[in-house]
Amino acid sequence: MPNCKLSTRIIPATCAWGLLIGCTTLFFVFASPFLYEKFTIGVPIYQGILTLFVVANFALATFMDPGTYPRAHEDEIRDDDFRAPLYKNVDIKGITVRMKWCATCQFYRPPRCSHCSVCNNCIETFDHHCPWVNNCVGRRNYRYFFLFLISLTIHMFSIFALSLVYVLNNREKLVT
C-alpha cells in the first residue's frame, strides 16, 4: 500500500479546507442576507474580509516552503556516513555551536533545525508538522500559521455569534 501514508496526510487537510469553506458558505447563504437587512452592510463586509484573511493565511501556511534544507548532492554523500561523528562543534562569530549529523539528509544540521519524520526533510527552526495544513511549520511559514490560528479563532467566534443572532431572530420560521 504505497499510498497509505499519502492518504493519511491528505484527509485531515481536506477536512480542514472543507469545514472552513463549507461553514463559511452556509453563513453567507443563510445568515448574511438577514444580517444585511436587519443591521447594516458592514457585518457581511467585515465577515467577508475576515474570511479572505483566514483563507489567505491558511493557503500560505499550507503551500509555502517551511524552510526546507536541501539534501546533500549525490557526489557529496559519503558511504562511510556511519563513521561520521554525531556532533560537530563550529565557531560562529566567537560562539561555539554544536551541530548534529542528520543521517537521512547527509549533513550537519544547524541549531533549531530538526528532521521531520512525516516530510522526511530537515526544516529550519522546526516547530511541528501540522496535519491540518499538511505541512511542517518552520521558519518561513510560522507567521502565516500563527496568523491563521488567530484569524480563524476570531472568524469562528464571529460566525457563531452572528449565526446565533440569526437563529434567535428567526425562531418562528425555523421551527415550522
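The values are calculated or read from the model by the stated rules, or taken from the named source; none is laboratory data. Given the structure is predicted, the values throughout are model-derived calculations rather than measurements. Here Cβ is always computed from backbone atoms with ideal geometry, including for glycine, and neighbour counts include all displayed protein chains. The protein model used for the area step is the full one, side chains on, heavy atoms only, and it has no ligands, DNA or RNA in it. Shrake-Rupley method; radii C 1.70, N 1.55, O 1.52, S 1.80 Å.
Things to note:
- Any hit, the range 119-137, residues being surrounded by 16 or more Cβ atoms within 10 Å (Cβ to Cβ), on the phi > 0 side of the Ramachandran plot and within 12 Å of the chain's Cα centre (by Cα): yes
Per-residue answers, yes or no, for (1) modelled with pLDDT under 90; (2) acidic (Asp, Glu); (3) within 20 Å of Tyr69 (Cα to Cα); (4) in a helix (DSSP H, G or I):
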site: Arg112; (1), (2), (3), (4): yes, no, yes, no
site: Cys122; (1), (2), (3), (4): no, no, yes, no
site: Arg139; (1), (2), (3), (4): no, no, yes, no
site: Phe146; (1), (2), (3), (4): no, no, no, yes
site: Ile150; (1), (2), (3), (4): no, no, no, yes
site: Thr153; (1), (2), (3), (4): no, no, no, yes
site: Phe157; (1), (2), (3), (4): no, no, no, yes
site: Val167; (1), (2), (3), (4): yes, no, no, yes
site: Leu174; (1), (2), (3), (4): yes, no, no, yes
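- Residue count, the range 67-103 (criterion: under 32 Å from the mean Cα position of the chain (by Cα), farther than 18 Å from Arg139 by Cβ and either modelled with pLDDT of 85 or more or not in a loop (DSSP other than H, G, I, E, B) (or both)): 3
- Check on Phe146, in contact with a strand residue (DSSP E or B) (Cβ under 9 Å, 6 or more places away or on another chain) and closer than 23 Å to Thr24 by Cα: yes
- Residue in the range 37-50 that is under 24 Å from Asn141 (Cβ atoms), open to solvent by less than 70 Å² (accessible area, probe 1.4 Å) and part of a helix (DSSP H, G or I) present: yes
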